[in-house]
Amino acid sequence: MRPLAEQVVMITGASSGIGEASARRLARGGARLVIAARRADRLETLARELDPSGGQVLAVAVDVTDDSDRRRLVDSALGKFGRIDALVNNAGYGTRGPLELVPVELIRRNFETNLFSLIALTQLVVPHLRERGTGRIVNIGSVAGRIARPLSSVYDSTKHALEAITDGLRGELAPFGIQVVLIRPGFILTGFVDAANAASAPVMDNAGPYAPYLDNLRATYQRAQKIAGHPDDIARLVERALTARRPAPRYAAPAHARLLLFLKWLLPARAIDRVVRLRK
């Protein structure tokens, strides 16, 4: 087991949801934290709450899509703590809408945040882990990375790509003592859905021939509330990924996430298609 008290952990998207819950849990375990997000006010409030002394938690307001911000984040972490032991790539958001109607620029923007910025930050952190011959990278994926849904193909494809990046990176970094883990959340009660709806409103409000199917989508999310997990369900997996002597390559939570992934493995593609198909 790797004690949290011996680790400096960087978490992106830490001002709310899974990132915030992970910061709280890791702080309780004694980890020194570098928490990053765009919302400086929420980030600073969280940092003061977790560590009033300011010695154990460093808050850095950044836009992960900006190269200079990413470099400033890494430099700030090294300047404060002298090293980075683990990176939790959590920043991301969702884009909804029929692929036919989503502007390509919005698709590029979603990939920039959810995938390319994650890769770029990882590239900055890996040399420091490699030089020390140890470290962990934890990527927050999604069950959607395995089961793509109608009207969510843009976001889901970013998580599909992240699966491949994570698996490839795991093999590349293993010789250097760096372990790479993918966590696949299912439906979690956070502000994620509301944020995705807001970001996608221009498309969803003008869905044209797809409009009759939107009520079905809304009803699906309402039903999902009944089985939804909580951010700390995923934070517990982040903690496990960072403390286990030999972490699993992938974790999933809550229970419905594991069930869906099992059904994806068990059932033929046509059966899964029938489950997720749009209905009026």
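Observations on the structure shown:
- Filter result for Glu172 (among the acidic types (Asp, Glu), touching a helix residue (DSSP H, G or I) at 6+ places or on another chain (Cβ under 6 Å) and part of a helix (DSSP H, G or I)): no
- Pairs where the first residue, in region 176-195, is within 16 Å of Leu118 (Cβ to Cβ) and the second is of a type in the set (Phe, Trp, Tyr) and open to solvent by 20 Å² or more (accessible area, probe 1.4 Å), C-beta under 9 Å, 6+ apart: Val181/Tyr251; Leu182/Tyr251; Ile183/Tyr251; Arg184/Tyr251
- Filter result for Lys159 (open to solvent by 10 Å² or more (accessible area, probe 1.4 Å) and touching a strand residue (DSSP E or B) at 6+ places or on another chain (Cβ under 8 Å)): no
Table: residues versus (1) open to solvent by 80 Å² or more (accessible area, probe 1.4 Å); (2) within 18 Å of the chain's Cα centre (by Cα); (3) at pLDDT 90 or above.
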site	(1), (2), (3)
Pro185	no, yes, yes
Ala201	no, no, no
Asp215	yes, no, no
Ala224	no, no, no
Gly229	no, yes, yes
Val238	no, yes, yes
Lys264	no, no, yes
Arg277	yes, no, no
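- Condition check for Pro175: closer than 16 Å to Gly97 by Cα and surrounded by fewer than 20 Cβ atoms within 10 Å (Cβ to Cβ): no
- Qualifying residue in region 140-153 (condition: among the hydrophobic types (A, V, I, L, M, F, W, C), open to solvent by less than 40 Å² (accessible area, probe 1.4 Å), closer than 22 Å to Met10 by Cα and under 18 Å from the mean Cα position of the chain (by Cα)): yes
- The residues of region 240-262 that are outside any helix (DSSP H, G or I) and surrounded by 15 or more Cβ atoms within 10 Å (Cβ to Cβ), listed by number, are Ala244, Pro247, Arg250, Tyr251, Ala252, Ala253, Pro254.
- Neighbours by Cβ (under 9 Å, 6+ apart or cross-chain): first from region 230-255, under 11 Å from Gly186 (Cα atoms); second of a type in the set (Phe, Trp, Tyr): Ile234/Tyr251; Pro254/Phe187
Rundown of residues vs (1) closer than 23 Å to Thr134 by Cβ; (2) without any contact (Cβ under 8 Å) to a residue 12 or more places away in the chain, yes/no style:
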position	(1), (2)
Pro52	no, yes
Ala61	no, no
Val64	no, no
Val74	yes, no
Leu87	yes, no
Gly97	no, no
Arg108	no, yes
Leu118	yes, no
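- Residues of region 28-52 satisfying the condition of being within 21 Å of Val64 (Cβ to Cβ) and part of a loop (DSSP other than H, G, I, E, B): Ala31, Arg38, Arg39
The values are calculated or read from the model by the stated rules, or taken from the named source; none is laboratory data. Source: prediction; values computed, not measured. Every residue, glycine among them, receives a Cβ derived from its backbone with ideal geometry; neighbour counts consider all protein chains shown. These area figures cover heavy atoms from the full protein model, side chains too; ligands, DNA and RNA do not enter into them. Shrake-Rupley method; radii C 1.70, N 1.55, O 1.52, S 1.80 Å.
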